[in-house]
Amino acid sequence: MKKTVYIGLFGLLVFLIFAPIVFSQADKEVMVKKQAQAEVPADSDQYIIGAEDVLYIHVWREDALSRTVPVRMDGNISLPIIQEIKAAGLTPLQLKEALTLKLKEFIETPTVSVTVMEANSFKVFVTGQVRTPGVYRLRSETTVLQIIPMAGGFTDWANQKKILILRKENGKEKRIIVNYKKIMQGGDPGSNIVLKAGDTIIVPD
């Protein structure tokens, strides 16, 4: 009987020692998975290139023309032969087509690819009653529902029915009110708008 009790106590002691290590490792794995999901490469079909992005331009069989280039604040990139070309405001696919057209003046059949190495231009700002307010760089299409968990979720005082999105369009400020609770309940899915670069999301109390 005593032997059984000792074995049971020993097993409990081992569990108490090693359980925190096991659970902490599990927590770390979850965090790594979440980070990996957040770092999605910029979508080649939908991502809009902007200033501060870093691009890799590859021209097949033309090593002298293939290089990594930053998008300058004026929206241009510099490449040999064609010198400067506007990149900001285009998708990678559109830029590829523009580069191919330019290079045809110098190369018979240029094969070009454009890869966004660093998506630095697509920023949104989250403030107010969220747990981790700040600047968020987005690498793929992100909606209002998706940005809130990225900002740590709501605080206990958040007014989820009157989230304000400030957006600049054609030089004017546009205000959009979003009822987060209603969207979550399936009552107004159309209000789950896709965020645009420069949006400010304010969660009031």
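The values are calculated or read from the model by the stated rules, or taken from the named source; none is laboratory data. Note that the structure is predicted; figures quoted are calculated from it, not measured. Cβ placement follows ideal geometry from the backbone for every residue including glycine, while neighbour counts extend to all protein chains displayed.
Which one is farthest from residue 123 (Cα to Cα), of the residues in the stretch 57-66 that are surrounded by 15 or more Cβ atoms within 10 Å (Cβ to Cβ) and touching a residue at least 24 places away in the same chain (Cβ under 8 Å)? Full working, then the answer.
Filtering the stretch 57-66 down to residues surrounded by 15 or more Cβ atoms within 10 Å (Cβ to Cβ) leaves 57-59, 62, 65-66.
Restricting the remaining residues to those that are touching a residue at least 24 places away in the same chain (Cβ under 8 Å) gives 57-59, 62, 65.
Details: 57: 23, 58: 26, 59: 29, 62: 34, 65: 30 Å.
So, considering only residues that are surrounded by 15 or more Cβ atoms within 10 Å (Cβ to Cβ) and touching a residue at least 24 places away in the same chain (Cβ under 8 Å), the one farthest from residue 123 (Cα to Cα) is 62.
Quick check, is residue 168 surrounded by fewer than 15 Cβ atoms within 10 Å (Cβ to Cβ), part of a helix (DSSP H, G or I) and modelled with pLDDT under 95? Break it down into steps so the answer makes sense when it comes.
Values: surrounded by fewer than 15 Cβ atoms within 10 Å (Cβ to Cβ): yes; part of a helix (DSSP H, G or I): no; modelled with pLDDT under 95: yes.
Considered against the rule, which asks whether it is surrounded by fewer than 15 Cβ atoms within 10 Å (Cβ to Cβ), part of a helix (DSSP H, G or I) and modelled with pLDDT under 95, residue 168 comes out as no.
Only residues that are among the small types (Gly, Ala, Ser) and either in contact (Cβ under 8 Å) with a residue 60 or more places away in the chain or not in a helix (DSSP H, G or I) (or both): list them for the stretch 173-198, please.
First, the residues of the stretch 173-198 that are among the small types (Gly, Ala, Ser): 186-187, 190-191, 197-198.
186, 187, 197, 198 - these are the residues of the stretch 173-198 that are among the small types (Gly, Ala, Ser) and either in contact (Cβ under 8 Å) with a residue 60 or more places away in the chain or not in a helix (DSSP H, G or I) (or both).
Go over the candidates 127, 91 one by one and state the one that is within 20 Å of the chain's Cα centre (by Cα), in the same structural domain as residue 147 (by TED's automatic domain parsing) and not charged (D, E, K, R). Spell out the reasoning first.
Numbers: 91 fails: in the same structural domain as residue 147 (by TED's automatic domain parsing).
None of the others qualify; the one that does is 127.
For the structure I just gave you, tell me whether residue 107 is free of Cβ contacts under 8 Å to residues at least 60 places away in the same chain and in contact with a Lys or Arg (Cβ under 8 Å, 6 or more places away or on another chain).
Working: free of Cβ contacts under 8 Å to residues at least 60 places away in the same chain: yes; in contact with a Lys or Arg (Cβ under 8 Å, 6 or more places away or on another chain): no.
No: the conditions fail for residue 107.
Quick grid of which residues meet (1) among the hydroxyl-bearing types (Ser, Thr, Tyr); (2) out of contact with any Pro (no Cβ under 7 Å at 6 or more places or on another chain):
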{"residue": "68", "(1), (2)": "yes, yes"}
{"residue": "86", "(1), (2)": "no, yes"}
{"residue": "96", "(1), (2)": "no, yes"}
{"residue": "108", "(1), (2)": "no, yes"}
{"residue": "111", "(1), (2)": "yes, yes"}
{"residue": "114", "(1), (2)": "no, no"}
{"residue": "126", "(1), (2)": "no, no"}
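Can you tell me which residue in the stretch 110-124 is farthest from the chain's Cα centre (by Cα), limited to those that are part of a loop (DSSP other than H, G, I, E, B) and surrounded by 18 or more Cβ atoms within 10 Å (Cβ to Cβ)? Give the derivation first.
The initial filter retains those residues of the stretch 110-124 that are part of a loop (DSSP other than H, G, I, E, B), namely 110-111, 119-122.
With the extra rule that they be surrounded by 18 or more Cβ atoms within 10 Å (Cβ to Cβ), the set shrinks to 110, 119, 121-122.
Working: 110: 31, 119: 8, 121: 10, 122: 8 Å.
Top of the filtered list is 110.
Looking at the structure I just gave you, is residue 93 without any contact (Cβ under 8 Å) to a residue 60 or more places away in the chain and touching a strand residue (DSSP E or B) at 6+ places or on another chain (Cβ under 6 Å)?
Values: without any contact (Cβ under 8 Å) to a residue 60 or more places away in the chain: yes; touching a strand residue (DSSP E or B) at 6+ places or on another chain (Cβ under 6 Å): no.
Spelling it out, it is not the case that residue 93 is without any contact (Cβ under 8 Å) to a residue 60 or more places away in the chain and touching a strand residue (DSSP E or B) at 6+ places or on another chain (Cβ under 6 Å).
Name every residue in the stretch 61-78 that is modelled with pLDDT under 95 and among the hydrophobic types (A, V, I, L, M, F, W, C), in order of residue number.
64, 65, 73
Take the residues of the stretch 89-109 that are surrounded by 15 or more Cβ atoms within 10 Å (Cβ to Cβ) and among the hydroxyl-bearing types (Ser, Thr, Tyr): which is farthest from residue 120 (Cα to Cα)?
100
Any residue that is crowded, with 18+ Cβ neighbours inside 10 Å and under 30 Å from residue 162 (Cβ atoms) - is there at least one of those in the stretch 67-88?
No, that holds for no residue.
Considering only residues that are polar (S, T, N, Q) and at negative phi, which ones fall in the stretch 170-194? Please lay out each step first, then the result.
Taking the stretch 170-194 first, the residues polar (S, T, N, Q) are 170, 179, 185, 191-192.
Answer for the stretch 170-194, where residues must be polar (S, T, N, Q) and at negative phi: 179, 185, 191, 192.
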